[in-house]
Every structure is written in C-alpha cells, then in structure tokens.
1. Can you pull out every residue in the range 238-255 that is out of contact with any Pro (no Cβ under 9 Å at 6 or more places or on another chain) and either modelled with pLDDT of 95 or more or closer than 16 Å to Arg28 by Cα (or both)?
2. Against the definition (in contact with a strand residue (DSSP E or B) (Cβ under 8 Å, 6 or more places away or on another chain) and open to solvent by 30 Å² or more (accessible area, probe 1.4 Å)), how does Leu104 come out, yes or no?
3. Give the range 115-147 a look and list any residue that's at positive phi and in contact (Cβ under 8 Å) with a residue 12 or more places away in the chain, or say none.
4. For the range 159-177, check the following and say yes or no: at least one residue is small (Gly, Ala, Ser), out of contact with any Ser or Thr (no Cβ under 7 Å at 6 or more places or on another chain) and under 15 Å from Val48 (Cβ atoms).
5. Considering only residues that are open to solvent by less than 10 Å² (accessible area, probe 1.4 Å) and assigned to a helix (DSSP H, G or I), look in the range 33-58 and name the one that is nearest to Ile261 (Cα to Cα).
6. Looking at the range 232-273 only, could you name the residues that are open to solvent by 60 Å² or more (accessible area, probe 1.4 Å), over 30 Å from Asn68 (Cβ atoms) and of a type outside the set (D, E, K, R)?
7. Identify all residues within the range 68-104 that are of a type in the set (D, E, K, R), in a loop (DSSP other than H, G, I, E, B) and without any contact (Cβ under 8 Å) to a residue 60 or more places away in the chain; write none if there are none.
8. Give me the pairs: first residue in the range 51-66 and free of Cβ contacts under 8 Å to residues at least 40 places away in the same chain, second residue of a type in the set (Val, Ile, Thr), beta-carbon distance under 7 Å, and six or more apart or on different chains, which are they?
Amino acid sequence: MSQDIVLALGGGGSKGNAHIGVLKVLEREGFRVRAVAGTSAGGMAAAVYAAGYSALEIEEHMAAVDQNRLLGSRPKGPALLGVQGVAEALLPLLGERTFDQLRLPCALTAVDLDTGREVILRQGRVLDAVMATIAIPGIFPPKKWGDLMLIDGGVVDPVPVAVAREISPQPELPVVAVVLSPAPQRRHNLPVPGFANNLPVLRQIARLRVAQAFDIFLRSVDISIIGITEARLQLDKPDVVIRPPVGHIGYLEKVDVREVIRLGEQAAEEALPEIHRALSWPQTLRRRWRRGA
C-alpha cells in the first residue's frame, strides 16, 4: 500500500511549532510527503520542509532561536511590529532559494490587500513568500510582491486544502490537513489567549491603549478564523484532519518550542489509523474516480 500523502498546513502564529511534531511522526511512520501547501505559520513550516530539512533538523533549529529577537518594534511599513527577526531566523535554512530549487512541490498562500483575492505563491524567492504569508494585517507589515501588497493568507484560507490538492503530483493522493484552531464547540472551554504576552517588545507596550486595542483585534481575528476554517474544511473536504491541542496558545506568545512540538506529535499519533484508512485501496479508488484521474 502506498504511503504517499499531501499536506495542508494551517496558520496560527506560535502554535505553528506543532507542525514540526506532526512531521516527526509522519517521518517516523514512513509516510512520504509528496507536496505541501501552507498558510501563515504553516507556510513557514511548509517552506522549510520543502527545502529538504528533516523534522528533527527543523526542531533543533527552532528550539535554538531566541524568541525575544523574533519580533521588533520598528516595522518597515504600516504595522505594529517588524518581522526582521523572523527573516533572520529563517535565512540560514532558506537562504536565496527559489521555489524551483525546493525538493518538494510547495505553495504558500497570501491575500492581495487591494482586491481581497487569494494569491498562490509558487515562484520567486521562498523567503519573500514566507514574509508575505505571515503578514498578519495591522500587526506585521504587508509584503510587496511585484505590483501587489500581500498579507497573511489565513484571512481567506486558513488551511489551504484545495491548494495542496492542486499541487499534488497525483490526484488520488490523500490530503492531510493540520488545523491549529480548535473546533468551535471546544473553544469556549479554553483559556483566552492574549496578544500582549511575555515577549519583551510586547511588555513595553502592554499597558498602552493601542496594545489593548490590538489584543481585542487579534481575539476577533481568532474568532473569525475559526469560523472560516470550519467553512473551508466543509467545502474542501480534506481526507484527514489533524488538530493539535494548541488553542490555548496566543498568536505571538513566547512558547516552549519542544512542548508545542510534542502536542503536534500527540495529535499525529492519534490520527494514524485515520491516515491509514485514507490510504486504503477503496479510498484511493474513490478519490481517483471523484477527481477524474
């Protein structure tokens, strides 16, 4: 039985470290990722994985990153925070690679700020595409991409299942979606993640009215994304959904990277039977028939 799958990695800021745990389990169990699409934090993970790094290598790199240096208070553009620290953390992994130089088919999503149209990024410098897909509107500066000003793809497509399916080398491969937002019925049981957390740059502004306003804004974004995510999952119908229990973590929260990775591992292990069912011959033939292969 084929062990080939396609991944759609969802957004979620600091929650995105859970993607590494999912990748660790998939590698350990012998699954072969044939293509990967990602949005926001999922786009970051997708790009690095597609560049050819193992999940363990990504874990070691991210665990060594000084989270206090990721976000800056001098953004280059209309935003509250800068992301130069993120770019510097990713540069050793991605360098000047273009999408054509990646080892796996990869697509990142963003949104054109002027038209609201989803933009699929598959060409050009990968690091620039990552900076576009993580550009949370108002928080991080938009990324200029040719004639476009791009913002976080999660605004319209938090988990790019349809995009993953589109770039799959074989139409019958199952799409495994990694969703970092909680199911709507579980959200009310979780503590409310905050915006102004224990990152030093945020502590400096935590008591300012503008920071409190952005805290409300990000909570509102979180609520909207949960609704959009569930609607898109119903529409795009991934074959498997993996949902790491990370709903308590704020978008910009300073986290124990290895602990968040462990939560991703836990969720992936629980989903293994479902992945194996999706790879069975009856399910494969059903997908092939649906997609006209």
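The values are calculated or read from the model by the stated rules, or taken from the named source; none is laboratory data. Remember, predicted model here, so these are calculated numbers, not experimental data. All Cβ positions, even for glycine, are placed from backbone atoms using ideal geometry, and neighbour counts span all protein chains on display. Side chains included, ligands, DNA and RNA excluded: accessible areas come from the protein's heavy atoms. Shrake-Rupley method; radii C 1.70, N 1.55, O 1.52, S 1.80 Å.
1. The answer is Val241, Ile242, Pro244.
2. Yes; evaluated as a whole, the condition is true for this residue.
3. Matches in the range 115-147: Gly116, Gly124, Gly138.
4. Checked the range 159-177: no residue is small (Gly, Ala, Ser), out of contact with any Ser or Thr (no Cβ under 7 Å at 6 or more places or on another chain) and under 15 Å from Val48 (Cβ atoms).
5. Ala55
6. If the condition is that a residue be open to solvent by 60 Å² or more (accessible area, probe 1.4 Å), over 30 Å from Asn68 (Cβ atoms) and of a type outside the set (D, E, K, R), then Gln234, Leu235, Pro273 are the ones that fit.
7. Arg74, Glu96, Arg97, Arg103
8. Ala55/Ile20; Ile58/Ile20; Ile58/Val48
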